[in-house]
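Visitor: Have a look at the structure that comes next, please.
We did not get these values from a lab; they are worked out from the coordinates using the rules stated. Keep in mind that what you see is a predicted model, and the values were worked out from it rather than measured. Every residue, glycine as well, gets a Cβ built from its backbone with ideal geometry; the counts of neighbours run over all protein chains shown.
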Amino acid sequence: MVLEEAGLKGITKTFGEVEKTMNEAGFVRGGAWDYTKTSFDLKLSTAENDYYLRIRAHVVEGRLEKPQAVIQLENPVFYRHIFPHGLEEDDIPEELQGQIDQALTHVKEHLS
C-alpha cells in the first residue's frame, strides 16, 4: 500500500541528515542500496505476520555513503512479508497504525 498522504515525497536533505533521522525513528538501511538509490525499512509485527514500512530515496547530488550526498525521499510503501516469496503490498492492520503514524511523524517533523 503506497502512503501518498504521508507528506514525505519530495523531501530533499543530505544523506547524513536522513540516515540519522531514520535511525532515530527505528528504520534500518539494509543491503538494498547502490550509489544512486537506497531504502529504509521499519519492521513491524503482529501475532500472524511480519510487515515492513519502506521509504525509498534516490540521489540528486553526489553518491551514497557520503554524508553530504543529497537525496530525495519517495512515498512510503507498506508491505507484508510472505515467506519464502518476499514482500507484497498490503493494507495496514489497525493494531500497527499508531506505530506507523509515530514513525512517519518523526521523519516528517525532523526533515521538513
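Visitor: Determine the calculated [θ] at 222 nm for the chain from helices alone, applying -39500 (n - 2.57) to every DSSP H run no shorter than 4 residues and normalising by the residue count; nearest 500 deg cm²/dmol.
Guide: Calculated from helices alone, the mean residue ellipticity at 222 nm is -7000 deg cm²/dmol.
Visitor: Further, regarding this structure: For the chain, state the semi-axes of the equivalent ellipsoid (square roots of 5 times the eigenvalues of the alpha-carbon gyration tensor), sorted largest first and rounded to whole angstrom.
Guide: So the three semi-axes of the chain are 24, 15, 11 Å.
Visitor: Still on this structure: Under the 0.36 nm per residue contour assumption, what length would be gained going from the current alpha-carbon distance of ALA47 and TYR35 to full extension?
Guide: Going from the current span to full extension adds 0.7 nm.
Visitor: In nm, to one decimal, how far is the modelled label at VAL28 from the one at LYS66, with both set 7 Å along Cα→Cβ?
Guide: Label-label distance for VAL28 and LYS66, simple model: 2.8 nm.
Visitor: Taking the Cβ of each residue in LEU111, LEU8 as the centre, tally the other Cβ atoms inside 10 Å and list the residues starting with the fewest.
Guide: Placing the least packed residue first, the sequence is LEU111, LEU8.
Visitor: Tell me which of GLY86, GLY7, MET22 sits at the most positive position along the dipole axis of the chain, charges placed on C-beta atoms (Lys, Arg +1; Asp, Glu -1).
Guide: MET22
Visitor: Could you size up the charge dipole of region 4-111 around its Cα centre, putting +1 on the beta carbon of Lys and Arg and -1 on that of Asp and Glu, and report it in debye to the nearest 20?
Guide: 620
Visitor: A further question on this structure: Note the count of lysine pairs whose C-alpha atoms are less than 20 angstrom apart in the chain, limited to pairs 8 or more residues apart or on different chains.
Guide: So the count of such lysine pairs works out to 13.
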